[in-house]
Amino acid sequence: MEYDRVILAVIYGYPSRQEVERWFQNQLLLQKREKREQQFSYGMAEVTGAGQVREGYQRLLPYMDWNIVLGDDILISYPRISDIRTEICIYPVELESQMKIAVCAGEQEKLREISDRFQGYFSDGTMYSPKEIKESYVRFQWSLINIAKEVGCIDYQKIDQKGLLDRIMSAKTKSELNTACEELLCRLNISPEERESLSLAVKKAQSMIHEFYADGITLSEIADRLNLTQEYLGAQFHRELGENFSSYIRNYRLSKAKELLIGTQLKQYEIAKKTGYTDAKYFARVFKECTGMSPAEYRKANR
């Protein structure tokens, strides 16, 4: 069944459904697990007559993601699976907050550890609805994408958000959900190919901005240090990065301000000073013009 990504097997002429289920569970799922290179979800429904096969298949299909909750080596048996009582799935807001702080602080190992804890959060033996678990994964991944976009550590244009959503919501096993998380984590670093596409002059200019942005460094000062004219460096900067110098340094300062707003308890005037703004009111005005929120509103929305 290509559309559903399912192989449908029809078994007939057997004496007992219980015997077939027991054989499948014990002989295939449990004893052959080490030989399987990929995890699959296995389900079974009994029907009377060939004319009921399609209907039985359609009844079983919505339950095929229950391996996310029950584990990879459990046969999904309909209608028994429909009798499971579920608990309310409470989204781990605290882990999301910790994830945002780790991204802003650039702590790659801490971020991975938080991601692992998020994935394990739903494996405590509680019977959550697979749909609610997948919705929690979507919320966590979207929060990760948004905060990474805010601080400039992900190429947002290369993220296939619809594809990621489809993969998570159509997942049948826990490993499919976790793979989607891993692939997104791997996108948080700028690729070497992109870095190599920049000229040495622009790389050095970027390096100086990143080092001295809090000191109010200007294009003229950078050009003097590189023995280039201000006009040439400005044009080269715009041609290679797609934005002018003033826009780049403003966005970089604001990205650092966002990190400090989320990851520290510093006052607004302290953050302004640390990001190169001598006037806290001017900093707040620029921040709101660029983000649509005041610094205080942004801090509240991302905690």
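For the reader, a short list of remarks on this structure follows.
- Residue of Ala201, Ala180, Ala272 that the Gaussian network model of the chain assigns the largest fluctuation, springs spanning Cα pairs under 10 Å: Ala201
- Projecting label points 7 angstrom from Cα along Cα→Cβ for Leu266 and Ser175 puts them 4.5 nm apart.
- Charge sum, other residues only, whose C-beta stays under 11 Å from Leu254's C-beta, Lys/Arg counted +1 and Asp/Glu -1: +2
- The portion of the accessible surface of the chain made up by carbon and sulfur, rounded to a whole percent, is 51 (1.4 Å probe; DNA, RNA and ligands excluded).
- Here the spin labels are modelled as points 7 Å beyond Cα on the Cα-Cβ line, and at Gln230 and Thr291 they lie 3.0 nm apart.
- A Gaussian network model of the chain, with springs between Cα atoms under 10 Å, assigns the largest mean-square fluctuation among Met169, Met208, Met64 to Met208.
- FRET efficiency, Lys203 to Lys162 (Cβ-Cβ, R0 45 Å, nearest 0.05): 0.85
- Under 23 Å from Lys172, Cα to Cα: lysines that are on another chain or at least 8 residues apart: Lys32, Lys35, Lys131, Lys134, Lys162
- Estimated FRET transfer efficiency when R0 is 41 angstrom, pair Trp23-Gln119 (beta carbons, to 0.05): 0.80
- The label point for Glu182 and the one for Glu211, both projected 7 Å from the Cα toward the Cβ, are 3.9 nm apart.
- Net charge over other residues, Cβ less than 15 angstrom from the Cβ of Glu132 (K, R count +1; D, E count -1): +1
- Theoretical FRET efficiency, 1/(1+(r/R0)^6), r = Cβ-Cβ of Gln108 and Leu61, R0 25 Å, to 0.05: 0.05
- Partner aspartates and glutamates for Lys100 [C-alpha distance under 15 Å; skip if fewer than 8 residues away on the same chain]: Glu109, Glu113, Asp116, Glu150, Glu259
- Stretch gain in nm, segment Arg239-Asp73, where the contour uses 0.36 nm per residue and the Cα spacing is subtracted: 54.2 nm
- Springs join every pair of Cα atoms under 10 Å in this Gaussian network model of the chain, and among Lys274, Lys256, Lys174 the largest mean-square fluctuation is at Lys274.
- Taken about its Cα centre, the chain carries a charge dipole of about 560 debye when Lys and Arg each add +1 at the Cβ and Asp and Glu each add -1 at the Cβ.
- Solvent-accessible surface of protein heavy atoms, probed at 1.4 angstrom with all chains present, puts Val286, Val47, Val10 in the order Val10, Val47, Val286, largest first.
- Accessible area (Å², per residue) of the chain, counting only protein heavy atoms and a probe of 1.4 Å: 59 Å²
- Label corresponding to percent of Cα pairs over 33 Å apart when calculated from the structure given, among [x] 25; [y] 40; [z] 44: [z]
- Positive-pole candidate from Gln52, Met64, Thr126, dipole of the stretch 1-130, charges at beta carbon: Gln52
The values are calculated or read from the model by the stated rules, or taken from the named source; none is laboratory data. No experiment lies behind these values; they were computed from the predicted model shown. With ideal geometry, Cβ positions are generated from the backbone for all residues, glycine too; neighbour counts draw on all protein chains shown. Note: areas computed on protein heavy atoms with side chains; ligands, DNA, RNA excluded. Shrake-Rupley method; radii C 1.70, N 1.55, O 1.52, S 1.80 Å.
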